[in-house]
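The values are calculated or read from the model by the stated rules, or taken from the named source; none is laboratory data. Bear in mind that the values here come from a model prediction, so they are computed numbers and not experimental data. A quick note on method: Cβ atoms are made from the backbone with ideal geometry, for glycine too, and the neighbour counts reach across all protein chains shown. Calculation scope for accessible area: heavy atoms of the full protein, side chains included, ligands and nucleic acids excluded. Shrake-Rupley method; radii C 1.70, N 1.55, O 1.52, S 1.80 Å.
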Amino acid sequence: MTSSHHENASAPAPAPAPTRSAAHVLLAHDVGLLVIRLGVGLIVAARGAQHLFGWWGGLGIDKTAVAFAQFGYPAPKAMAVIAGIIETFGGLALAVGLLTPLAGAAVAGTMANAVATVWQLGYFGGFEYPLLIGVGAAGLALSGAGRISLDALLPGLRSQRLIYGIAALVLAAILAVVTILLSKT
């Protein structure tokens, strides 16, 4: 044996790479979902409060209704109230993780209407913001809120089932298409 073989034979074996335990992976997943829920939910809730109440320099319900009329929506005040309620309370529900499949789908459907409204402005400076919010909300509808949520306390939603999110998103898509078509007539 050469001296290099002796050195290798007596050298300690490298330490094994730390393994990722299921508990650590789940915790990281839940914290990531919490951050996304808080970001998407609170941003949408704040925008809804602008529409409903005029908070933070928002239009308030009457001016929002005028904007909805300009976009071609029938019953613009009712539509503005519905959109404001969905944004405000759907956003808050996402933030705390309550009925997440339904809240995520409702916000995603509302954002589909926002995308359709500003489509002609193009991607940049137009529909990228509502598209991003809508995709985030749809993802939350599919994934569920995680274990750091109010849903975790509800027996039916404690373990998210993909079918809940799919069903809610299908319903939201149908309602969004109907609403968009109504605004185009």
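Worth pointing out:
- Cα-based helix-to-principal-axis angle, 22-53 vs the chain, degrees rounded to 10: 20
- Paramagnetic label zone (point 7 Å from Cα along Cα-to-C-beta, VAL135; backbone N under 16 Å) in the stretch 143-180: 143
- Helical mean residue ellipticity (222 nm; -39500 (n - 2.57) per DSSP H run of 4+; nearest 500) of the chain: -22000 deg cm²/dmol
- Where ARG37, ARG161, ARG147, ARG20 fall by accessible area, highest first, once all protein chains stay in place (1.4 Å): ARG20, ARG147, ARG161, ARG37
- Sorting VAL178, VAL81 by solvent-accessible area of protein heavy atoms yields VAL178, VAL81, largest first, with a 1.4 Å probe.
- Volume in Å³ per residue [convex hull over Cα atoms, computed for the stretch 60-130]: 92
- Probe 1.4 Å, accessible area per residue of the chain, Å²: 58
- Residues MET111, MET79, ordered by accessible area of protein heavy atoms at a 1.4 angstrom probe radius and largest first, appear as MET79, MET111.
- Two-site FRET efficiency, LEU38 against ALA13, from Cβ-Cβ distance with R₀ of 41 Å, rounded to 0.05: 0.40
- The fraction of accessible area contributed by carbon and sulfur in the stretch 41-144 is 76 percent, rounded to a whole number (1.4 Å probe; ligands and nucleic acids excluded).
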